[in-house]
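Please treat every number below as a calculation from the coordinates, not as lab data. In this text the structure is predicted, and so the values were computed from the model without any measurement. FYI the Cβ positions are ideal-geometry reconstructions off the backbone, even for glycines, and counts take in every protein chain you see.
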């Protein structure tokens, strides 16, 4: 018996007039199997199989990592008292404005323009004062309700867009996980800021890991505030900074690329915040408690 196998049967013939893959007519625009001009109803833009467009996110620009005057570092909490008093009354007014805006967004799908601008003004004021308190910059915040273009801390709010009424109705429930994480990480940042404050008394400059970790926690808190206040439909994310990509460098925090030291310190902040939340003393005297933003406490113990 022979060990040789019989020859394989010949392949089936190609269908007549069948062009190679990617060649006309299948590769021509307008053909049902080619690239279509676009689907407006598709959420990812003109290319139904392309990359999703970036979500509209709140961006934070902090032009820090610069020398600071030691005497302003020493009495930073005293210097910020007038700003804290103004913020208290702004948050008090913001509480009622958010309630009115919630009802309006629930039935119309949008925040009224006047309410939106008022809440943006409160958020910008809060960002400048809190960034100064966290020792990110040395320049004293101006008493400006809306824009302060010359200040080294800026927050960019995406343009107004339609809000999902269901997401508006359940906003408190949806925002609760981000709220908890914000409270934890900012509590840890407040504890770590004491050690950063001591270092800056001798060096006059904030260490790079502390700047990166604090900026990451601060940006996440700002995004949570904007989401809770219905200023953006995008859920807060990227607490550990941005993914390295080819994009323009707008500021030291945009894109926010954390070093290994900053990531480790941010994890320490979260751990410390969890410990403080469960075992620390309860303090109800925080000046920044409000319904407009997460109720976290930024403190510097001396």
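Peptides 230-240, 132-142, 85-95, ordered by how many other C-beta atoms sit within 10 Å of their residues on average, highest first, read 132-142, 230-240, 85-95. Each peptide among 199-208, 185-194 gets the average number of other Cβ atoms lying within 10 Å of its residues, and from highest to lowest they stand as 185-194, 199-208.
Sorted by mean Cβ packing within 10 Å, highest first, what order do the peptides 155-161, 124-130 take? Display every interim value, and only then the final one.
Values: 155-161: 14.4, 124-130: 22.9.
Result, highest mean Cβ count within 10 Å first: 124-130, 155-161.
Based on the alpha-carbon gyration tensor of segment 102-155 and its eigenvalue square roots a ≥ b ≥ c, which shape applies: rounded if a/c is under 1.5, prolate if not and a/b is larger than b/c, or oblate? Taking the square roots of the gyration eigenvalues as a ≥ b ≥ c, segment 102-155 is prolate.
Could you tell me the ratio Rg/Rh of segment 59-279? Both radii from Cα atoms, Rh via Kirkwood. Reported Rg/Rh (Cα atoms, Kirkwood Rh): 0.96. Here, P(r) means the percent of Cα pairs in each 5 Å bin from 0 to the largest distance; for segment 63-124 it is 4, 15, 18, 14, 13, 11, 10, 8, 5, 2, 0.
Here the convex hull built on the C-alpha positions of segment 144-217 has a volume of 146 cubic angstrom per residue.
Could you calculate the contour length gain from residue 201 to residue 103, that is, 0.36 nm times the residue separation minus the distance between their Cα atoms, to one decimal place in nm?
Working it through step by step, the gained length comes to 30.5 nm.
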